[in-house]
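Each value in this text was obtained by applying a stated rule to the coordinates, not by laboratory testing. Source: prediction; values computed, not measured. All Cβ positions, even for glycine, are placed from backbone atoms using ideal geometry, and neighbour counts span all protein chains on display.
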Amino acid sequence: MKRFRYLEGIAKGFANHRRIEILALLEKTPELSLSEVSEAVGVDFRTAGEHMHKLVASGLVMKRNAGKAVRHAVTPLGHKVLRFCRTLE
């Protein structure tokens, strides 16, 4: 039962086209700040923050403090999810 809840959490993390787009962006260009992500995908800062929160909570993206900025990168699990998504194309 715990395994299914774990998988559900991962699935919810990428169950949105914007979050998949953000994952792909971070795979191509890691270490972006939230403002850089919001500008690149064309959403406002707050919306990007909500998506990033879900990606981090599901373990698909990690955050790293770099001075005043917070940088984001895809985790190994996030890379697996992107590979899975590409098999569905």
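Determine the calculated [θ] at 222 nm for the chain from helices alone, applying -39500 (n - 2.57) to every DSSP H run no shorter than 4 residues and normalising by the residue count; nearest 500 deg cm²/dmol.
Working: 5 runs with 57 residues, N = 89.
Roughly -19500 deg cm²/dmol at 222 nm, from the helical runs in the chain.
Rg/Rh for region 2-87 to two decimals, with Rh computed the Kirkwood way over all alpha-carbon pairs. Walk me through the numbers before you get to the answer.
Values: Rg = 12.3 Å, Rh = 12.8 Å.
Rg/Rh: 0.96.
As a footprinting exposure proxy, order L32, L25 by other Cβ within 10 Å, with the fewest listed first. Intermediate results must be reported in sequence, preceding the final value.
Details: L32 21, L25 17.
Taking fewest neighbouring Cβ atoms as first place, the list is L25, L32.
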Sorted by Cβ neighbour density within 10 Å, fewest at the top, the residues L7, L88: L88, L7
Nonlocal amide H pairs with V61, under 5 Å, H built at 1.01 Å: V56, T75
